[in-house]
Amino acid sequence: MKIRILLVDDEALVAERTRILIDSLDNYIVESVAYNYKSACKLIEEGCFDLAIIDINLEEEKSGMDLAQLLGQNHKPFIYLTSFADQDTLATALEFNPIGYSVKPINKNSLFADLEMARLQHIKKNIVIIKEGKREIKLNALCIYYIKSSGNYCEVQSNKGTTLIRSKLLDWHQIHPDFQQIHRSYVVNNKMIISKSSKGLILKNGELIPWSSTYSNHKTPPNHTSE
């Protein structure tokens, strides 16, 4: 599964060159591009990406460091892309804990190293460890479609098939922020939802999962359509 990237740069030509460079690398794809602060804020709030690459200087009142603060509030990792490498700018920028700091003109090897570091942290963050007695089961949350309650067990449906684990369904939505209970028998991975209809939620594997109005706190991600 490729890491989805939000690219923010007010220079259209630079943004396009960066997009082409990133898309040529394995494991990465530019999901969306923003050319100004307002557009970037909207995309950050929607959250349909795994990693952001942001230019520090956006030639407007708000800067990339304002976006860095917003990304931190939304728990999204990011890399700075900038023409400014002076000590003062760097010291201020690093206060927001970026994954990396790439200086224009873009160096492919440097950017790739930053992306790889971010990817490894992203994978590590999404490893779910379930304890079943003395046994520890490690699962990648990025690959899980849904979890279904089956008596004292849970059926974990992922792109590798079905894994049966002795666990309560209630535990799952507390383990990872992308998991949400939408029915008394189902917890789904929000990132796997394609669309919502009156019959249920359609996931990326083509399955239709029922959802109940009892769990009215469920919100289909903004980029998904209702049928």
Residue satisfying all of: in the stretch 42-98; part of a loop (DSSP other than H, G, I, E, B) and basic (Lys, Arg); least open to solvent (accessible area, probe 1.4 Å) among these: 76
Residue count, the stretch 113-145 (criterion: at pLDDT 80 or above and touching a Phe, Trp or Tyr at 6+ places or on another chain (Cβ under 9 Å)): 4
Conditions (1) among the basic types (Lys, Arg); (2) under 18 Å from residue 3 (Cα atoms); (3) not in a loop (DSSP other than H, G, I, E, B); number of the one not met by residue 131: (2)
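So that you can scan it fast, the table gives a plain yes or no per residue for (1) without any contact (Cβ under 8 Å) to a residue 60 or more places away in the chain; (2) basic (Lys, Arg):
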{"residue": "11", "(1), (2)": "yes, no"}
{"residue": "18", "(1), (2)": "no, no"}
{"residue": "26", "(1), (2)": "yes, no"}
{"residue": "42", "(1), (2)": "yes, yes"}
{"residue": "80", "(1), (2)": "yes, no"}
{"residue": "90", "(1), (2)": "yes, no"}
{"residue": "97", "(1), (2)": "yes, no"}
{"residue": "100", "(1), (2)": "yes, no"}
{"residue": "109", "(1), (2)": "yes, no"}
Count of residues meeting criterion [touching a Ser or Thr at 6+ places or on another chain (Cβ under 9 Å) and open to solvent by less than 30 Å² (accessible area, probe 1.4 Å)] in the stretch 1-25: 5
Tabulated pairs, the stretch 156-168, first closer than 16 Å to residue 129 by Cα, second open to solvent by less than 90 Å² (accessible area, probe 1.4 Å) and polar (S, T, N, Q), C-beta under 7 angstrom, 6+ apart or interchain: 156/162; 156/163
Residue under evaluation residue 148, criteria (1) basic (Lys, Arg); (2) modelled with pLDDT under 90; (3) assigned to a strand (DSSP E or B), criterion not met: (2)
Residues within the stretch 72-97 that are within 15 Å of the chain's Cα centre (by Cα) and closer than 24 Å to residue 108 by Cβ, tallied: 4
Some residue of the stretch 26-38 being open to solvent by 70 Å² or more (accessible area, probe 1.4 Å) and at pLDDT below 90: yes
Every pair of residues 6+ apart whose Cβ atoms lie under 8 Å, when the first sits in the stretch 121-136 and is open to solvent by less than 40 Å² (accessible area, probe 1.4 Å) while the second is modelled with pLDDT of 75 or more and of a type in the set (Phe, Trp, Tyr): none
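The values are calculated or read from the model by the stated rules, or taken from the named source; none is laboratory data. None of these values were measured; they are calculated from a predicted model. We place every Cβ from the backbone using ideal geometry, glycine too, and count neighbours over all the protein chains shown. Protein only, heavy atoms only, side chains kept; ligands, DNA and RNA dropped before computing areas. Shrake-Rupley method; radii C 1.70, N 1.55, O 1.52, S 1.80 Å.
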